[in-house]
Amino acid sequence: MSDPKHDTHPMRTPTAVLTRGFDPALSVGSARPAVFRSSTYVFSSPEAAERAFAIQGGRAHAAAGEKVDLIYSRFNHPNAEILEDQIVPLETGAQSAAVFNSGMAAIMTAILALARTGDHIVYTVPLYGGTQHFIHEFLEPFGIQGTAVRAGQGDRLVEAIEQTPSLRIILIETPANPTLVMTDIRQAAEAAARRHPRPLLMVDNTFLGPAFQHPLAIGADVILYSATKYLGGFSDLLSGVALASDPELIRKIKSRRGLFGNILQPDECWILDSRLPTVRLRMNRASKNAQRIAERLVGHRHIRRIYYPTLFEDAEQIRIRIAQCDYSGAIISIDLKGGKPAAFEFLRHLRLARNAVSLGGVETLVCHPQSTTHSSVSAEELEIAGVTDGLVRISIGIEDWRDLLEDFEQALEAAG
Ligand SMILES: *Cc1c(COP(=O)(O)O)cnc(C)c1O
């Protein structure tokens, strides 16, 4: 769907996301993309059908500029193509993208496309709960062994990358949920580059991307998103994305997606596409709000500890934040002195912020990880994740920060 005349003019991201990847002439002149709900596409000739199948099956490669007929919407459809072309300029260094019907679908499909039985995967912990269950309950019985390394322990991660046999994938989630511990992406990429064959570095960039953290630019191979969060931005849509600088990796991932049938459907593609031009605006506002609120809650008499990247005290964590993050993002965690009863009273007394899991929406959401998102996690894993009984995680939205701060302050008084 991309209009080749645009590709010869490099442009800045906010312009590219609005002008690349969609040609109104292919949608009867419509200024915004139409929705193509067809499950199947009419071929221009039997030869074109044969050619499309050869390319879909990986037996032939499309020539530059070749117009390949669409086949069937489980493989590909116009709204997925438009969305994929428009999302690429948002991710620094990306050349190709694949969209999925959830973040978990993107993570699962990327791993299963690029690893096989007998391979090893090294991953940072804490990891998103679903991803961790996928490794333990599916990949390990399937014969893909996982090795966990604590987030932020760069030397341990390098050691695991150097020593794990048959290492195929390194999966980093940074910053970690919910205490925002950061892992050095560049250091992991450099360790991976010293190994032959070189393992692939995947980064779950959901918390800070695409606005504030650019892993492909510092050596990562594949970026994974739960687009349910900031990319979608309104808590009304499940979706996922994989991006890479090497289109061949995305081709392999799409080939598995065609088998699994987890491509994002046309209507959802259209909705997510309409959210792309504002993702940086939304993330900028939410991040500024979060920084102002976090810095004003420091030293509050009912708070034991507050987690926010501009408040890091550890020198190594400060170094990583400065090296790989443009801004600190919109997640704050606070550990209440009164433990779980105080955390519950805090949640009960909020008037503006809502008590819900998930994050990245324009509205502020607050949850108590220990009793919800982390309720099936062992005591040891809770300790690694930094989840205490008084911890609440806050996903700051784009409301006026002063109203949010007042809301938190009155709820803290009630909780204390
Ligand atoms: C939410 C989330 C996921 C899973 O995404 P879904 O869209 O819910 O499938 C994966 N990784 C991170 C960091 C997340 O926050």
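Where a number appears in this text, it was derived from the coordinates with a stated rule and is not lab data. Every value quoted in this text rests on a predicted model; they were computed, and no experiment measured them. Here Cβ is always computed from backbone atoms with ideal geometry, including for glycine, and neighbour counts include all displayed protein chains.
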query: Which part of region 171-197 falls in the paramagnetic zone of H136, meaning amide N under 13 Å from the point 7 Å along Cα-to-beta-carbon?
result: none
query: Alpha carbon centre of region 201-223 versus region 105-122: separation in Å?
result: 18 Å
query: Roughly what angle does helix 266-275 make with the longest principal axis of the chain, taking Cα atoms, 0 to 90 degrees, to the nearest 10?
result: 60 degrees
message: How tilted is helix 247-260 with respect to the longest principal axis of the chain? Cα atoms for both, answer in degrees (0 to 90, nearest 10).
response: 90 degrees
- prompt: So how far, in whole Å, is the C-alpha centre of region 399-413 from the one of region 25-79?
  reply: 51 Å
message: Please report the spacing between the Cα centers of region 127-146 and region 254-291 in Å, no decimals.
response: 25 Å
task: Determine, for each peptide in 123-136, 78-91, the mean count of other beta carbons within 10 angstrom over its residues, then list the peptides with the highest first.
output: 78-91, 123-136
- prompt: Does a label point 7 Å from the Cα of R186, set along Cα-to-beta-carbon, have any residues of region 142-179 with amide nitrogen under 16 Å, and which are they?
  reply: 154-155
field: Rounded tilt (10° steps) of 103-114 against the dominant C-alpha axis of the chain
entry: 60 degrees
- prompt: Which of the listed residues, F100, A176, A211, is farthest toward the dipole's positive end in region 4-277, when Lys, Arg count +1 and Asp, Glu count -1 at the beta-carbon?
  reply: F100
query: Each label point is 7 Å from the Cα along the Cα-to-Cβ direction; what then is the distance between the points at R305 and A25, in nm?
result: 6.0 nm
- request: May I ask which residue of S38, A192, H61 lies farthest towards the positive end of the charge dipole of region 4-277, with charges of +1 (Lys, Arg) and -1 (Asp, Glu) on Cβ and the Cα centre as origin?
  value: H61
Dipole moment magnitude, nearest 20 debye, the chain about Cα centre, only Lys, Arg, Asp, Glu C-beta charged: 240 debye
Per-residue [θ]222 nm for the chain (sum of -39500 (n - 2.57) over DSSP H runs n ≥ 4, rounded to 500): -11000 deg cm²/dmol
- request: With an 8 Å cut-off on Cα pairs and a minimum separation of 6 or more residues, tell me the relative contact order of the chain in percent.
  value: 16 percent
